[in-house]
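See structure below.
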Amino acid sequence: MKSSLQGILPERYPMTNKREILVTSALPYANGPIHIGHLLEYIQTDIWARFQRLIGNDCYYVCADDAHGTPVMLKAQAAGIEPEQLITEMHAAHLRDFKAFHIEFDNYHSTHSEENRQISNQIYQCAKEKGYIEKRKIQQAYDKTAKMFLPDRYIRGECPRCGATDQYGDCCEVCGSTYNASELINPISVISGDKPVLRESEHYFFKLHMLEEHLKSWLSSGCVPPGIRNKLDEWFASGLQDWDISRDAPYFGFEIPDHPDKYFYVWLDAPIGYIASFKNYCDSKRLDYKYFLHADSDTELHHFIGKDIAYFHTLFWPALLHSADLRLPTRVYSHGFLTVNGAKMSKSRGTFIKAETYTKHLNPEYLRYYFAAKLGSGLDDIDLNIEDFVQRVNSDLVGKVVNIAGRCASFISKHFANRIICSQQLFKHPCYQQFKEAETEIRDSYEKTEYATAMRLIMSLADEANRLIDRHKPWAIAKHDGASAELHEICSLGILLFSRLCLYLKPVLPIMTEAAEKFLNISVSHWDDNSFAGKDRHTIATFKPLMSRVELKKVKAMIADEAIAQQREKASTSKTETAPLSVAQTISLSAFQKVDLRTARIISAKEIDGADKLLELSVDLGENTTRTIIAGIKNAYNSSELVGKLVVVVANLEPKKMRFGTSHGMVLAAGDGARLFLLSPDDGAEAGLKIK
């Protein structure tokens with residue numbers, strides 16, 4: 001059967017001498033800012049893409065905002081804006097942060113694009129025509145209070161495998177198990193706190209089990225890390241589950257063709273966003289993006305992801321591609337999580353550090369190098385230890401690499417008019433030859449994403465260069481012999497060795513090495529460039545410091561700044577869990593008169609174990625009537641200062657069962673996003689007055 005994409009793809013393109021590579025990072029979600037945990041992956045990918053370009057390959061690095069899904073929809077509602085406005089604002093913020101960390105995308109797009117809509121529809125139609133899609137009626141979790149079906153991530157409860165509490169409806173963060181939301185023990189809706197009910201709904205399923213052998217064949221090529229392959233073997237052993245690719249309205253995403261109020265699940269159109277972003281780039285450059293997609297193309301497709309989304313990228317995604325006769329990934333690289341000081345990133349401790357906060361205090365290239373020095377090809381978690389971070393950057397980059405140029409340049413400037421020797425005799429020096437011989441292993445380490453190995457090799461070379469300078473003591477030579485040939489040679493050799501280190505570090509430190517090239521008066525666009533070849537002398541610029549030391553006080557200031565920012569964010573989001581009414585959402589006067597607003601005096605206020613935002617209030621409504629109200633005001637008020645305070649409450653609100661108990665009313669408050677204030681009557685009022 002002819003698929004919908006056949007006819008728009010070329011039959012086959014001839015091989016080229018260069019490797020032609022399309023590389024992607026996982027798409028950041030468009031409901032929040034970029035933080036340093038995200039940056040681990042984008043820095044890892046950017047280093048690899050820069051390396052590929054440096055060795056002469058055609059490497060295109062594309063990405064996009066993951067703009068669809070319930071979380072985006074709900075966050076927009078809570079902010080009182082349309083989802084399109086939210087994702088537009090987030091797109092600009094994400095681009096700003098990526099640029100600050102020198103992430104060099106060829107294109108950064110959005111999954112909420114016309115290219116993505118068209119390609120998602122085409123791939124869906126291909127899969128449907130080949131019999132990979134079927135409709136089924138299923139029982140699905142429904143929140144009666146919120147009046148919506150709940151995505152798995154909006155249901156939390158106890159893991160059905162290990163019993164861990166407060167786990168998502170699709171997977172357990174403690175034992176790593178995946179399951180259906182219906183299996184969750186004691187489930188609650190994250191939106192309302194109510195227990196979901198089951199309702200029947202018709203959904204579309206991708207029959208993943210039909211492609212089991214194709215997936216096994218692809219995986220046998222060594223396209224995924226061993227740790228991921230072992231996990232995949234477990235999934236194959238238990239049988240591949242068919243994939244629900246649809247969601248019910250309300251939902252922010254692409255409507256499924258010919259089925260109103262049914263939408264593509266975000267995990268269907270998100271990875272297709274890789275292709276859509278590349279198409280958007282190719283259209284702007286008048287290139288043929290279809291060349292990269294053909295199943296028989298000689299191009300390469302490389303994905304960089306976190307280990308937590310391996311299931312989607314190593315089963316669902318290649319299955320989708322195969323169903324549409326498109327090329328499968330050449331390799332999927334996966335990394336572990338980022339911890340800070342050995343623990344999970346914490347907002348309260350200020351170690352959940354946003355990219356924007358970091359750049360206000362520290363040089364982004366510090367973090368690029370530190371991540372490179374830690375990253376390998378495995379799945380181990382990466383720890384950002386603050387003291388180690390300061391020590392390593394200062395020792396390696398400032399104390400070793402930059403120090404070589406600083407130690408030699410002053411003598412070249414003072415005694416030799418900024419002219420270095422670059423004769424064949426120096427290039428044959430044993431130390432320079434040692435630097436050249438290390439090239440192959442460093443290059444292979446970059447290719448295999450063994451960046452830690454590459455950094456270790458580079459720093460060992462820097463140590464050797466510094467030892468060479470220490471042995472010859474140019475300061476002593478200059479003191480006794482002045483502008484001697486020996487002084488000229490040893491300082492020139494030091495500069496040549498420094499230039500070699502800059503080449504090796506160029507994918508990791510693009511800005512520092514760019515400044516170094518200006519100092520060296522060279523331009524390096526290819527790994528094999530030798531700007532000193534064929535010369536006997538070469539003029540360099542006057543040396544200026546290329547990188548300053550990390551100051552621990554600045555790191556501490558960054559952490560303190562982030563902690564304050566997180567507290568402000570908590571205060572701004574704690575005032576309500578629902579979206580404000582828009583101007584169009586009006587109610588009649590008679591409807592408003594049904595709301596029983598009364599003054600009440602707070603008798604007691606206590607914190608609730610496990611609740612970040614909530615306080616349990618006992619209020620006196622007069623006439624010996626008390627109520628228990630659970631209110632999200634913990635971040636704005638201390639419990640002790642509330643006792644005796646007069647407030648305004650909704651007295652006839654139906655009881656709301658929440659995770660931490662049942663609330664029998666609501667206290668009224670107002671805020672501006674940063675502050676929160678309880679509404680109180682004038683002096684002289686007492687408990688039990690009805691608001692007129």
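Data table
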{"quantity": "Extension reserve of the Thr165-Asp298 stretch, reckoned as 0.36 nm per residue once the Cα distance is removed", "calculated": "43.1 nm"}
{"quantity": "At most 16 other Cβ within 10 Å, DSSP loop - chymotrypsin sites (Phe, Trp or Tyr not before Pro), region 600-692", "calculated": "Phe660"}
{"quantity": "Length gained when the stretch Glu623-Ser238 is fully extended (0.36 nm per residue, less Cα-Cα span)", "calculated": "132.3 nm"}
{"quantity": "Given charges at beta-carbon only (K, R positive; D, E negative), |dipole| of region 18-150 in Debye", "calculated": "540 debye"}
{"quantity": "Equivalent ellipsoid dimensions for the chain as semi-axes, Å, which come from the Cα gyration tensor, largest first", "calculated": "54, 36, 20"}
{"quantity": "Helix 485-505 vs. the chain, principal-axis angle (Cα, 0 to 90°, nearest 10)", "calculated": "30 degrees"}
{"quantity": "Whole-percent carbon and sulfur share, accessible surface of region 321-432, 1.4 Å", "calculated": "49 percent"}
{"quantity": "Estimated inter-spin distance, Asp609 and Ile691, nm [label 7 Å along Cα→Cβ]", "calculated": "3.5 nm"}
{"quantity": "Table column - 3J(HN,Hα) (Hz), region 66-76, Karplus curve with 6.51, -1.76, 1.60, x for Gly and Pro", "calculated": "7, 9, 9, x, 4, x, 5, 4, 5, 5, 5"}
{"quantity": "Distance between region 38-74 and region 90-120 - C-alpha centres, whole angstrom", "calculated": "9 Å"}
{"quantity": "Residues of type lysines that Lys570 reaches as a straight line, Cα spacing below 16 Å, ignoring anything fewer than 8 places off in the same chain", "calculated": "Lys75, Lys347, Lys354, Lys613, Lys634"}
{"quantity": "Whole-Hz couplings from phi, Karplus 6.51/-1.76/1.60, listed for region 18-30; x for Gly and Pro", "calculated": "7, 6, 10, 10, 10, 10, 9, 10, 4, 7, x, 6, 8"}
{"quantity": "Which of Gln118, Thr88, Phe105, positive extreme of dipole for region 72-118 (C-beta unit charges)", "calculated": "Thr88"}
{"quantity": "Rg and Dmax [Cα atoms of region 213-317; Å; Rg one decimal, Dmax integer]", "calculated": "16.4, 46"}
{"quantity": "Rounded percent of accessible protein surface that carbon and sulfur make up, region 65-213, 1.4 Å probe", "calculated": "48 percent"}
{"quantity": "Cys422 long-range amide H proximity, modeled H, under 5 Å", "calculated": "Arg537, His538"}
{"quantity": "Amide H contacts of Asp380 (H built 1.01 Å from N, under 5 Å, at least 5 apart or other chain)", "calculated": "Gly336"}
{"quantity": "Low-density loop positions, trypsin sites (Lys or Arg not before Pro), region 115-173 - DSSP coil, at most 10 other Cβ in 10 Å", "calculated": "Lys147"}
{"quantity": "Computed FRET value (nearest 0.05) for His415 with Ser523, which takes r as the C-beta separation and R₀ as 30 Å", "calculated": "0.70"}
{"quantity": "Sequence ranges 92-99, 249-256, ranked by mean other-Cβ count within 10 angstrom, highest first", "calculated": "249-256, 92-99"}
{"quantity": "The chain, dipole about Cα centre (Lys/Arg Cβ +1, Asp/Glu Cβ -1), debye to the nearest 20", "calculated": "1340 debye"}
{"quantity": "No Cys partner within the rule (Cβ under 4.7 Å), the chain", "calculated": "Cys59, Cys63, Cys126, Cys171, Cys223, Cys282, Cys422, Cys431, Cys502"}
{"quantity": "Simple label model, 7 Å out from Cα along Cβ direction - Arg331 to Ala533, nm", "calculated": "2.7 nm"}
{"quantity": "For the chain, accessible area per residue (1.4 Å probe, heavy atoms of protein chains only), Å²", "calculated": "45 Å²"}
{"quantity": "Binned Cα-Cα distance frequencies in region 369-476 - 10 Å width, integer %", "calculated": "12, 35, 33, 16, 4, 0"}
{"quantity": "Sequence of Glu134, Glu200, Glu41 from largest to smallest accessible area, 1.4 Å probe", "calculated": "Glu200, Glu134, Glu41"}
{"quantity": "Trypsin sites (Lys or Arg not before Pro) restricted to region 238-331 and DSSP loop, no more than 13 other C-beta within 10 Å", "calculated": "Arg286"}
{"quantity": "Using θ = phi - 60° and Karplus 6.51 cos²θ - 1.76 cosθ + 1.60, couplings along region 646-655 (whole Hz; Gly, Pro as x)", "calculated": "7, 9, 10, 10, 8, 8, 10, 6, 5, x"}
{"quantity": "Surface share of carbon and sulfur [accessible, 1.4 angstrom probe, percent] for region 485-534", "calculated": "47 percent"}
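The values are calculated or read from the model by the stated rules, or taken from the named source; none is laboratory data. Keep in mind that this is a model prediction, so the values were computed, not measured. No Cβ is skipped: glycine too gets one built from the backbone with ideal geometry, and neighbour counts run over all protein chains shown. Areas reflect the complete protein model, heavy atoms only, side chains present, ligands, DNA and RNA absent. Shrake-Rupley method; radii C 1.70, N 1.55, O 1.52, S 1.80 Å.
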